[in-house]
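Participant: Handing you a structure now.
The values are calculated or read from the model by the stated rules, or taken from the named source; none is laboratory data. The model shown is predicted, which means the values in this text are computed figures rather than measured ones. All Cβ positions, glycine included, derive from the backbone under ideal geometry; neighbour counts span all protein chains shown.
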Amino acid sequence: MPYTILVNGTKRSVDVDGDMPLLWVLRDVLELKGSKFGCGVGLCGACTVHLGGEAVRSCSIPISSVGAAAVTTIEGIAATPVGAKVQAAWLDVDVMQCGYCQAGQIMSAAALLTKTARPTDGDIDQAMAGNICRCCTYSRIRAAIKKAAGLRTADAGVR
Amino acid sequence: MTMFARSTSARAPAGTPRMTFSRRTILKASAAAGGGLLLHATLPVVARAAASGLVSPADVTLNAFVRIAPDGIVTIMAKNPEIGQGVKTMLPMVIAEELDADWKDVRIEQADLDAAKYGRQFAGGSTATPLNWDPLRRVGAAGRAMLVAAAAEAWGVAPAECSTASGVVLHPPSGRKLGYGALAGKAAMMRVPDLKTLRLKTPKEFKIVGRPIPGVDSPLIVAGKPLFGIDVAVPGMLYAVFEKCPVFGGKVVSANTDAIKALPGVRHAFVVKGGSDLRGLLDGVAIVAESWWAASKAREKLKISWDEGPTAAESSAGFARDAARLGKGSPAQSLRRDGDVTAAYAQAARVLEAAYSYPFIPHIPLEPQNCTAHFREGKVEIWAPTQDPGSGAALVASTLGMAQGDVTVHMTRVGGGFGRRLRNDYMVEAAWIAKAAGAPVKLLWTRQDDMQHDFYRPAGFHFLKGALDGRGKLVALSDHFVTFGHGDTVADSATMSPGEFPAGLVDNLDYGMSLLPLGVPTGPLRAPRSNALAFVFQSFLDELAHAAGKDPLEFHLALLGEGRVLPSSPGARAPQRDLDTERMRGVLELVAEKSGWAKRQALPKGTGLGIASYFSHLGYFAEVVQATVAPSGAVKADKVWIAGDVGSQIINPSNAENQVQGAALDGIGAALGQAITIDRGRAVEANFDTVFPLRINQAPPVEVHFRISDHSPTGLGEPALPPVVPALCNAVFAATGKRIRKLPIDPAELKSA
């Protein structure tokens, strides 16, 4: 079936089954490989994208339910002021180990900071608990979010 | 926050056993893994790299690792797979340092598998630092010497009058200077210096090593660029899924492949007949389709009749029953006997007995197993996220009946390894399926495939006994280790060294082992063996310390005694030899100081501190965990303090801290929520709803301190993990008075309200 979705500000037309998850449309049809596959059932957060501004797990969203809502992926997040700040903070804090989860982490963090400009540790826990980092770079993820928010970072990981 | 403490106690005259230890260990290790080959491989090739078609015609190849462009840009090859341990940045830093390049002019390229050029290329055992530190410094220094020789010849001056600084050769007497880019062509023609007598920099001269250098791929990662195996795209590529028997090693009897072939988007569906080696190609059904989603949907309709084989009779409950029965008897084989434990138990003031156990656990790297393969004209090209491309190429060659030279392996960035990708089952599957499909194929496993077809950290059972004399000194210790294996062969990563701590420090000691048969595949998981044995021995020593009425720290220090090197025992595995008691004492004292160990009694009810230490992968780590146990029994790690001694130089402090923090949190995650249950010969758990990697809301701050000692630098991927598990369990005891003798920690056993 043909679907037209709005991805990173551009209308894209695809012809796929309606139950194909947004993740696989992005990765294998639109060649946007930044969103990652980790569990397939919304438990790990590696596939996180924004749908109408909300952080969602694209592995569990069929293309038929996307409709006209704007899809923003890691490839497009630099175009938003918050997204660019989060990416810069991630580099500044040198968060990455293997890096596989970090697109999802950045997308969840950008969604958090868009709604809550000065998050508490509790806000960070709540917004980020759905994103597994198997390398456990959590101290630095927390530090990078605080840095992007312009908060003092007493936590480990920031030089 | 990372801090460095330069130890004052590490000063010892040359020739003391400690000094001998570090050099001997490193040289042995280098030779074992092809360090010599590496040096030979770096002999420069005067070759226009343009011939390879990869670089601009003017780039000059100085040696196997270094290319220099006319504009001075230095390209350094990263030889090993990058699995998140940071070697793609760290090893080139070492070359760039001695080359005296400016880091801003350095570009890094991932090497393909080519052992003739680069030596052994793998990611395992925290070995990249000890194996490559000295050889790669010499690679860089040789390049620098040739650049200097080229400049000296051009100016008609003595090389000794020249110096270098950040990519430029200088001649201070005349004020002349030439950039590396201008000199590279001439430098490549210069005589190769004797690698053994090259002058290396002193640590005070380091400009790159010792600086926190961010990961070289990080800008691409935050932008979502394709880097990982799963991101590989080849023109004309098809997508595959592969279903194996849920019972390990089961065989296909029949499958509805004709019906599957008729499904939308499916190009091929066929039975693969594999062998009996669980590390190789196994029986299964492959579905190859136009998209991975189409292949996955078709898989839901797959009907396979299996011959499950003998492993179907195995279960975790059965293993526990059999282990309990064996534990009552004598060990089937002895690992080590010192003194006379029987007499010591008879005379002891206090004897303790305890049974400890731990489960199978999976690796669960976040990137599911995958591989892309393209078979053409008798050759196969492979793109793989693997920790050991060489053994993968050998497996592919032997399984497909090809020469290994006809297997090309491109190493992609790897979305987590943890030891899982030292096995290359997914690689041989992809190669086989691609050959059968006659097209390039990307094989991608699901999370369920990954969790249910792993090479698990083996479960284990320990029946321990320890004795204290009237002064609270440990006088006897025995362990009957019930583990897995067949005949005399212990299952992969299920062994115990005769030198297992505290062997050599207790006068009367008896380690023995009995084996249970096992059809479940096992393998190395981050800090193999140590990740389980540290829990067992460091927890039981804590029990003994409390029984002796002693501060556990004091008990440990008394056990270590005077500073000396315990010789490795016969049969000791590389990561577990030559324990230096003074280095262990050093990290214990440092972590005690940093954690406020002495003031632990002031903590509120339900909160406690636990301490543990462990030596593995040539690194010494002591760790303190503060844990709080809620009335519900839920355990929260509040904070971790770590002191580590990995030698004289922390090469990249940013990555070093990251590795240590990650290892500690990984260990806490495993202790709190990870187990694979075997039932009817298959893994029960299949996703992150039943196996729980640590999440950010559970992750405590981890304070890392390095004790700098006078030993050659060693690796950091693993050694910080083992002690955190017993430190956490000992903290739970301090908080509740309840001893954790079985992992994962069960909150129901800790419930107080």
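Participant: Tell me yes or no: at least one residue of region A:25-44 is in a strand (DSSP E or B) and either under 17 Å from the mean Cα position of the chain (by Cα) or among the polar types (S, T, N, Q) (or both).
Facilitator: So far as region A:25-44 goes, no, none of its residues is in a strand (DSSP E or B) and either under 17 Å from the mean Cα position of the chain (by Cα) or among the polar types (S, T, N, Q) (or both).
Participant: Can you find, within region B:666-693, the residue that is nearest to residue B:620 (Cα to Cα) among those that are within 11 Å of chain A (Cβ to nearest Cβ) and without any contact (Cβ under 8 Å) to a residue 40 or more places away in the chain?
Facilitator: If we take residues in region B:666-693 being within 11 Å of chain A (Cβ to nearest Cβ) and without any contact (Cβ under 8 Å) to a residue 40 or more places away in the chain, then B:669 is nearest to residue B:620 (Cα to Cα).
Participant: Condition check: of a type in the set (S, T, N, Q), under 21 Å from residue B:91 (Cβ atoms), assigned by TED's automatic domain parsing to the domain that holds residue B:95 and out of contact with any Pro (no Cβ under 8 Å at 6 or more places or on another chain). Does residue B:202 satisfy that?
Facilitator: Here the answer is yes, as residue B:202 does meet what is asked.
Participant: Hey, does region B:165-186 have a residue that's surrounded by 24 or more Cβ atoms within 10 Å (Cβ to Cβ) and touching a Cys at 6+ places or on another chain (Cβ under 9 Å)?
Facilitator: yes
Participant: Now, a different point. Of all residues in region B:485-525, which are free of Cβ contacts under 8 Å to residues at least 40 places away in the same chain and in a strand (DSSP E or B)?
Facilitator: B:485, B:486, B:489, B:490
Participant: Turning to a different aspect of this structure: When the residues of region B:207-222 are narrowed to those that are surrounded by fewer than 18 Cβ atoms within 10 Å (Cβ to Cβ) and more than 7 Å from every other protein chain (Cβ to nearest Cβ), which ends up farthest from residue A:141 (Cα to Cα)?
Facilitator: Checked region B:207-222; the qualifying residue farthest from residue A:141 (Cα to Cα) is B:207.
Participant: Within region B:139-164, track down each residue that is crowded, with 23+ Cβ neighbours inside 10 Å and under 14 Å from residue B:201 (Cβ atoms).
Facilitator: Result: B:139, B:140, B:142, B:143, B:144, B:145, B:148.
Participant: Can you tell me which residues in region A:37-57 are within 7 Å of another protein chain (Cβ to nearest Cβ) and either basic (Lys, Arg) or buried (at least 22 other Cβ atoms within 10 Å of the Cβ) (or both)?
Facilitator: A:37, A:38, A:39, A:44, A:46 - these are the residues of region A:37-57 that are within 7 Å of another protein chain (Cβ to nearest Cβ) and either basic (Lys, Arg) or buried (at least 22 other Cβ atoms within 10 Å of the Cβ) (or both).
Participant: Restricting to region A:38-61, what's the tally of residues that are more than 19 Å from residue A:76 (Cβ to Cβ) and hydrophobic (A, V, I, L, M, F, W, C)?
Facilitator: Matching residues across region A:38-61 total 4.
Participant: Do you know which residues across region B:713-753 are within 21 Å of the chain's Cα centre (by Cα) and part of a helix (DSSP H, G or I)?
Facilitator: B:724, B:725, B:726, B:727, listed by residue number.
Here is a yes/no grid of residues against (1) surrounded by fewer than 24 Cβ atoms within 10 Å (Cβ to Cβ); (2) in contact with a strand residue (DSSP E or B) (Cβ under 8 Å, 6 or more places away or on another chain):
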| site | (1), (2) |
| --- | --- |
| B:593 | yes, no |
| B:597 | yes, yes |
| B:603 | yes, yes |
| B:611 | no, yes |
| B:620 | no, yes |
| B:625 | no, yes |
| B:631 | yes, no |
| B:651 | no, no |
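Participant: Is one or more of the residues making up region B:455-478 within 14 Å of another protein chain (Cβ to nearest Cβ) and either within 30 Å of residue B:508 (Cα to Cα) or not in a helix (DSSP H, G or I) (or both)?
Facilitator: No, region B:455-478 contains no residue that is within 14 Å of another protein chain (Cβ to nearest Cβ) and either within 30 Å of residue B:508 (Cα to Cα) or not in a helix (DSSP H, G or I) (or both).
Participant: Within region A:65-72, does at least one residue satisfy the condition of being at the interface with another protein chain (Cβ under 10 Å from one of its Cβ atoms), of a type outside the set (Phe, Trp, Tyr) and crowded, with 22+ Cβ neighbours inside 10 Å?
Facilitator: Checking region A:65-72: not a single residue is at the interface with another protein chain (Cβ under 10 Å from one of its Cβ atoms), of a type outside the set (Phe, Trp, Tyr) and crowded, with 22+ Cβ neighbours inside 10 Å.
Participant: How many of the residues making up region B:579-591 are within 21 Å of residue B:657 (Cβ to Cβ) and surrounded by fewer than 21 Cβ atoms within 10 Å (Cβ to Cβ)?
Facilitator: 1
Participant: Would you point out the residue of region B:223-242, among those that are hydrophobic (A, V, I, L, M, F, W, C), touching a Gly at 6+ places or on another chain (Cβ under 8 Å) and more than 26 Å from residue B:651 (Cβ to Cβ), that is farthest from the other protein chains (Cβ to nearest Cβ)?
Facilitator: B:242
Participant: Which helices (runs of 4 or more DSSP H) does region B:529-647 wholly contain that include 1 or more residues that are more than 27 Å from residue B:357 (Cβ to Cβ)?
Facilitator: In region B:529-647, the matching helices (runs of 4 or more DSSP H) lie at B:552-560, B:581-595.
Participant: Which one of these is crowded, with 24+ Cβ neighbours inside 10 Å, within 11 Å of chain A (Cβ to nearest Cβ), among the β-branched types (Val, Ile, Thr) and assigned to a strand (DSSP E or B): B:704, B:660?
Facilitator: The conditions single out B:704.
Participant: Of everything in region B:477-525 that's charged (D, E, K, R) and within 28 Å of residue B:564 (Cα to Cα), which residue is farthest from the chain's Cα centre (by Cα)?
Facilitator: For region B:477-525, the residue satisfying everything is B:507.
Matching residues to (1) crowded, with 24+ Cβ neighbours inside 10 Å; (2) more than 17 Å from residue B:274 (Cβ to Cβ); (3) in the same structural domain as residue B:122 (by TED's automatic domain parsing); (4) out of contact with any Cys (no Cβ under 9 Å at 6 or more places or on another chain):
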site: B:408; (1), (2), (3), (4): no, yes, no, yes
site: B:423; (1), (2), (3), (4): yes, no, no, yes
site: B:430; (1), (2), (3), (4): yes, no, no, no
site: B:435; (1), (2), (3), (4): no, no, no, yes
site: B:451; (1), (2), (3), (4): yes, yes, no, yes
site: B:473; (1), (2), (3), (4): no, yes, no, yes
site: B:479; (1), (2), (3), (4): yes, yes, no, yes
site: B:486; (1), (2), (3), (4): no, yes, no, yes
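Participant: What about residue B:230, is it assigned to a helix (DSSP H, G or I) and surrounded by 15 or more Cβ atoms within 10 Å (Cβ to Cβ)?
Facilitator: Yes, satisfied.
Participant: List the helices (runs of 4 or more DSSP H) that sit entirely inside region B:249-339 and contain at least 2 residues that are touching a residue at least 40 places away in the same chain (Cβ under 8 Å) and in contact with a helix residue (DSSP H, G or I) (Cβ under 9 Å, 6 or more places away or on another chain).
Facilitator: B:292-299
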